[in-house]
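What follows draws every value from the coordinates through simple rules; no lab data is involved. What you are looking at is a predicted structure, and each value in this text was computed from that prediction instead of being measured. Because the Cβ atoms are built from the backbone with ideal geometry, glycine has one as well, and the counts that use them run over all protein chains shown.
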Amino acid sequence: MPKNSETKQGYIFNIPLIIVVAIFIVVPVVGTIITSFFRDVSFLPEKFIGLENYKRLFSDTHFWQSFEFTILFVLISVLLEIFLGTIFALVLNENIPGKGLLRVVILIPWAIPIAISARAWELIYNFEYGLFNYIIIQLGLSSSPFNWLGSSTGAFFSIVISDVWKTTPFITIILLAGLSTIPADLYKQAKIDGTNFIKRFFYITLPLLRPVLIVALLFRTIDAIRIFDLIYVLTGGGPGGSTTSVSLYAFKYYLSGDFGYGSAISVLIFLLASALAILYMKFGRLTEEFK
Amino acid sequence: MNEERLKQIFLITGGIVLTAFCLLPFLWMIIISLGKNPDFLSGQTSFGFTFNNYTAIFTSSSVHLLDYLKNSLIVSTIAAILATIIASLSAYAITRLKFPGRILIPLLLLGFSMFPQISLLGYLFKMLSELGWINTYASLIFPYVTLALPLALWIMLSHFSRLSKELDNAALIDGAGRLKILSKIILPISLPGLFSAFILSFIFSFNEFLFALMFTIDYKARTIPVGIALFEGLYGQIPWGYIMAAAVIAVLPIIMVIALFQKYIMQGLTEGAIKG
């Protein structure tokens, strides 16, 4: 086939993808960036105000509170998820009874909409008749119930626990795929040499799993930075705004009709995620070079 | 203690903890949905086994939970079909035809998939309002297609690149067009890949929350995650029994899908994530 028609056909096959992506991703992102330089509030005429929205952002203590919360949330939950995900992947990688069933079970938290499971968590954390407080009291761990959703510490850990529940399976699945690429011969040889399984983990599994671990880590970080659904349903950002994530903060401005300021916040989140994404691509290539 | 035993203990404990951890909120949903008193743990009331919560949400017309579920199923199915078709077309061209930019498309799409949804939300809302699409299926279907496309494309790419190009060449010599080759030869032998892409796109769409929250107003287009999240009841007291019964009904289709197609989901996820 002549080269020219191949080029033409290549583009024709990609037209649907390019149109959908251009209209529903590229235009909105560019639009958001432009809007962030405008005063764009309901009932007032639009007006170009340059960097005013960004100046306001930098002196907005509520924004920085939400920023701090988001960073702290990302750090703690992602590290916990990687830790638990590694253990779960090691368990699922072995020949244990009920392995097929376990693989279905582990997909459940990931596959159920978090907005729905958050309602079940809400009930589990309930102060008066929640399951967690019932267990705490019955086991005698404390004489009084813990205020899970009504205190800022409690709300923070409630969100972390539910998020760990939701996303550990995803990490487990990725790590499981990583584990399956490690040749079984390595373990056999190490076994013959008399090393125990803890040593085998630290000297064989962990180093070989490192590239996949880094990918999972960055992937999850980018995802966790934009957390919205779980918090919206579980705490609504409270108590006292202590669990408001940056996405939720921007959303509240959109909802109140202040699109200019909401867009400025969104652009900042966008830049943060992009920086991480670039890091991710770089590491992606690095892992290629390791091979 | 000898090593094998230590390992056995580690594995069995891990398996039990894992199962309990994953199932807890789901089991709690089922338990509360089957009781008369969701506050029975306080000791003031008894559990009171009943199916009333289920009959109530199926018979009460003001609750609209079945409408939400119907909307979710329609929107997610259409979005998943569109995403799978669009991804197949692109993946075929990228793996079979030489044209400038063929490497760039999947990479750009991967980059776009990392854009936070919030950075699209405000402007997309304005665009959809102008179009008069707010509170319609279309306001969700198209954004969902873009959410699902990156993973769908990577899955199809990895399937198509494994197929020999001889298949195409033989058909080309016989005078078949590219579109015909794709639909008559390539797609029929790529059913597992198509299936993975479809199921994952469906789950992504079914789970989406932020767009559905912002772009829908009532039962005409509102999806089940938003419906359940915003369900508060009329008289102040949160009707937990109803909510949990609705939640069980909403997640049952998803759980059935993963129980039946666990292999495809795992495969699709790892293909998308490891290579991506």
Point to revise | lysines with Cα under 19 Å of B:Lys263, excluding same-chain neighbours fewer than 8 positions away | key: A:Lys99, B:Lys275
Check your understanding: Lysine pairs in region B:64-208 with alpha-carbon atoms under 24 Å apart, 8 or more places apart or on different chains: how many are there?
Key -> 5
Exercise for review: Report the semi-axes of the equivalent ellipsoid for the protein assembly as shown in whole Å, largest first, where each axis is √(5λ) for an eigenvalue λ of the Cα gyration tensor.
Suggested key: 37, 33, 25
Check your understanding: Of A:Asp163, A:Asp60, how do they rank once you tally other Cβ atoms within 10 Å and put the fewest first?
Key -> A:Asp60, A:Asp163
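Going by the alpha-carbon gyration tensor, a ≥ b ≥ c the square roots of its eigenvalues, is chain B rounded (a/c under 1.5) or, if a/c is not under 1.5, prolate (a/b greater than b/c) versus oblate?
Cα axes put chain B in the oblate bin.
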Exercise for review: Could you run the Debye sum over the Cα atoms of region A:103-149, one equal point scatterer each and no solvent, and tell me log10 of I(q)/I(0) at q = 0.15, 0.24, 0.29 Å⁻¹, two decimals?
Suggested key: -0.49, -0.80, -0.93
Revision key, fill the gap. Taking alpha-carbon centroids only, region A:39-69 lies from region B:1-69 a number of Å equal to 43
Check your understanding: For the residue pair B:Val17 and B:Leu108, what label-to-label distance in nm results when each label sits 7 Å from Cα along the Cα-to-beta-carbon direction?
Key -> 4.7
Exercise for review: Note down the net charge around B:Lys70, summing +1 for each Lys or Arg and -1 for each Asp or Glu among other residues with Cβ under 13 Å from its Cβ.
Suggested key: +1
Exercise for review: Enter the Cα centre distance for the pair region A:82-142 and region B:70-109, rounded to the nearest angstrom.
Suggested key: 34
Review point. Which ordering of A:Trp64, A:Trp121, B:Trp154, B:Trp133 is given by a fewest-first count of other beta-carbon atoms within 10 Å?
Key: A:Trp64, B:Trp133, B:Trp154, A:Trp121
Exercise for review: Would you mind giving the three semi-axes, in whole Å and largest first, of the ellipsoid equivalent to region A:1-106 according to its Cα gyration tensor?
Suggested key: 42, 35, 12
Study note, to complete from the structure: The aspartates and glutamates whose Cα lies under 18 Å from the Cα of A:Lys166, excluding any fewer than 8 residues away in the same chain, are A:Glu81, A:Glu122, A:Asp223, A:Asp229, B:Glu208
Exercise for review: Using only the C-alpha atoms of region A:1-50, find the volume of their convex hull and express it per residue in Å³.
Suggested key: 98
**Study point:** Helix-derived mean residue ellipticity, 222 nm - over chain B, DSSP H n ≥ 4, -39500 (n - 2.57), to 500
**Key:** -23500 deg cm²/dmol
Practice item. With a/c under 1.5 counting as rounded, go ahead and sort region A:68-290 into rounded, prolate or oblate using the C-alpha gyration tensor (a ≥ b ≥ c being the square roots of the eigenvalues; past the cut-off, prolate if a/b is larger than b/c, else oblate). Key: oblate
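Using only the Cα atoms of region A:178-291, build the gyration tensor, take square roots of its eigenvalues as a ≥ b ≥ c, and label the shape rounded, prolate or oblate: rounded if a/c is under 1.5, else prolate if a/b is larger than b/c, else oblate.
Note, shape of region A:178-291 comes out prolate.
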